[in-house]
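Reviewing the structure listed below.
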Amino acid sequence: MIDCLSNPSWINPQIDFLICLQNLRIGHLDIFDKFFLSITVFGEFWLPTLICAITYWCIDFKAGIYLFSLMGINSLITHFFKMIACVYRPWVLSDKIHPSELAVPYAKGYSFPSGHSAMSSSVLGGVAFLMRKNKILCASLIFLVLLIGISRLWLGVHTPQDVVCGLLIGLTLIFVIHKVINWAEENQNRYLTLAFITNIFIVLAAVYIYKFNAYRMDYIDGCLLVNPIKQIYVTVVVWAYILGLLNGVFLCRRFFPFNPHEVSVLKRIIIGIIGSIGVILILKFIIAYIIMNGLQIRYAFPIMFGIGMFITLFYPIIFQKFDKITIRK
């Protein structure tokens, strides 16, 4: 632990807990590192986006709106909390923590709350909520959410408080967003209100974290532990993507509603495969390139916003038009 940091007393038991897990991992059970690393991908952006998109395009339009709204609002809240809390990773809080080397490259920036736990609990928990009549599927999804939270602890990249708060954010949003979407469905013009509120929130949040928030500037061996400028950039770029997704969802519901069940099963499979390949390529390569190379924000923001809009607005419009053309022929 570096000298300039002093941890509150309630952090110490959490560090001790992580050390116990670490002793298991390093001593005898390090074979589970790759397993937990594969489990934790369910909390990354590309897989939840894929789950939301397939539901939205091919299974149930309204359920897709609900899941995309969960994913988007969750990301807005967790990234905002990360920036205002500025909590360091466990290995910074204590030099006794040695995280899995496989997980460290994917665990940069601030720690609280756990984005993986929040994202998985909202999206997978949202699917479980929609499918709650299927007890086996519902229980399996809940178990997977808990396993993702455990994976963040096992790999040593989060403290229990990070994981628990992430889970609570996701679970709370499941019920809140469900009520909000039901409210909007009573009058579809309300989706325009939701779009307006979302846009205003992101603008105000971005201004706050850039202009008014105070950041810790702690150094070790002359190197800044976490560069707040870079974290602001990553947050704004992610928010641009989320803003595109949510605006696309709300506008599509208001002006271009569609019913996947009106399309043949074969066409839905084709739509899902093409769209899934596109989403994976976009999120795994294009967005990764933008963030890793620090493309100027004036270029990165519209690109990320456009990608989100394409997934939730333009792609559905394209396959609707294509379907109408093939029906005429």
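General remarks:
- Spherically averaged projected area of segment 91-242 from its Cα convex hull (nm²): 11.2
- Stokes-Einstein D for segment 214-256, Kirkwood Rh over Cα pairs, 25 °C, 0.890 mPa s (µm²/s): 191
- Within the chain, longest stretch free of exposed GluC sites (Glu not before Pro) [DSSP loop, at most 15 other beta carbons within 10 Å]: 187-329
- Rg over Rh, two decimals, segment 10-328 (C-alpha only, Kirkwood Rh): 0.98
- GNM top mover of 19, 229, 287 - the chain, alpha-carbon springs below 10 Å: 229
- Of the trypsin sites (Lys or Arg not before Pro) in segment 80-187, those whose Cβ has at most 12 other Cβ within 10 Å and which sit in DSSP loop: 132, 133
Bear in mind that the values in this text are calculations on the coordinates, not laboratory data. This structure is a prediction, so every number in the text was calculated from the model and none was measured. FYI the Cβ positions are ideal-geometry reconstructions off the backbone, even for glycines, and counts take in every protein chain you see.
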